[in-house]
Amino acid sequence: MPTILPSPALFPEMWAKAAVRHTRALMGVPSNKLPDRSENACVAEVRREVAAAGLEDSAAMVERLATHASTGKCGNCGEYAAVTFQFLKRRKCPFLLELAFYENGGLNHAFVIINRDDTTSLSTPSKWGENCWIADAWSDDVVHGKAYRANMVALGGSVPDPKISTWHVP
C-alpha cells in the first residue's frame with residue numbers, strides 16, 4: 001500500500017509521521033530488536049557493502065546506506081535513519097533535514113531531525129523551535145524536538161550534555 005504524503009504546506013510533524021510509517025512498512029522490525037537477532041548477518045553485510053565503497057561525501061554515503069539497507073530489509077538505528085532521511089529527501093520535504101547521531105557514554109542512536117532552527121545549538125534541543133520534530137523509525141516514534149532529552153532518557157541515555165552531530169545532506 002503506497003504511503004500518502006502530506007502537502008508541503010502542512011506541518012513537519014506530518015512529514016515525520018509519513019516517513020516513519022514508510023520506513024517501518026519497508027523495513028519491518030529493526031534487527032537488534034528481533035528476539036533471536038537473526039538478521040545481524042544482514043546488517044553486517046549492509047555495512048560491509050557501504051564501507052567497501054570507500055570514503056564518499058555524506059550525501060552519497062547516506063544514499064548508499066539507505067539503498068543497501070532497504071534492499072536487504074535489515075538494519076539498526078543508523079540504517080533506519082538513512083532510509084527515513086532518503087524518503088523525505090526524495091519527496092522534496094520543504095524543511096531542513098538533518099541525519100543526527102547521539103552519543104553519551106555507552107549509548108549511541110541515530111534519527112532524523114526535521115525543521116530545526118539552524119541558528120540554535122544542537123546541545124539545546126529545548127530551543128530547536130516550535131515546529132521541530134524527530135523522526136525515529138528505529139523506535140517507531142515521532143517526537144517533538146523539545147521532548148528529545150526525555151526520549152533519549154527513555155532509550156537509556158543520560159542527560160544533560162549529549163553529543164549530537166548531524167549531516168546536512170543536500
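None of 63, 79 is under 23 Å from residue 18 (Cβ atoms), surrounded by fewer than 20 Cβ atoms within 10 Å (Cβ to Cβ) and at pLDDT 80 or above except 63. The number of residues in region 126-140 being open to solvent by 20 Å² or more (accessible area, probe 1.4 Å) and touching a helix residue (DSSP H, G or I) at 6+ places or on another chain (Cβ under 7 Å) comes to 6. In contact with a strand residue (DSSP E or B) (Cβ under 8 Å, 6 or more places away or on another chain) and at pLDDT 80 or above, is that true of residue 100? Yes. Within region 127-156, the set of residues being modelled with pLDDT under 85 and among the aliphatic types (A, V, I, L, M) comprises 147, 150, 152, 153, 154, 155. Just to be sure before I move on: is residue 37 modelled with pLDDT under 90 and out of contact with any Pro (no Cβ under 7 Å at 6 or more places or on another chain) in the structure I sent? It is true that residue 37 is modelled with pLDDT under 90 and out of contact with any Pro (no Cβ under 7 Å at 6 or more places or on another chain).
Give region 103-119 a look and list any residue that's at pLDDT 75 or above, over 11 Å from the mean Cα position of the chain (by Cα) and surrounded by fewer than 24 Cβ atoms within 10 Å (Cβ to Cβ), or say none.
From region 103-119, those at pLDDT 75 or above are 108-119; that's our starting set.
Still in the list and also over 11 Å from the mean Cα position of the chain (by Cα): 108, 115-119.
Correct list: 108, 115, 117, 118, 119.
Considering only residues in region 45-58 that are modelled with pLDDT of 75 or more and open to solvent by 40 Å² or more (accessible area, probe 1.4 Å), the one that is nearest to residue 78 (Cα to Cα) turns out to be 47. Under 7 Å between Cβ atoms, which residue pairs at least 6 apart in sequence (or on different chains) link something in region 88-101 that is open to solvent by 50 Å² or more (accessible area, probe 1.4 Å) with a partner that is hydroxyl-bearing (Ser, Thr, Tyr)? Hits for this filter: 101/165.
The values are calculated or read from the model by the stated rules, or taken from the named source; none is laboratory data. It should be emphasised that the depicted structure is a prediction, and the values quoted were computed from it without experimental measurement. Cβ coordinates were reconstructed from backbone atoms using ideal geometry, including for glycine residues, and neighbour counts include every protein chain displayed. For accessibility, only protein heavy atoms count, side chains too; no ligands or nucleic acids. Shrake-Rupley method; radii C 1.70, N 1.55, O 1.52, S 1.80 Å.
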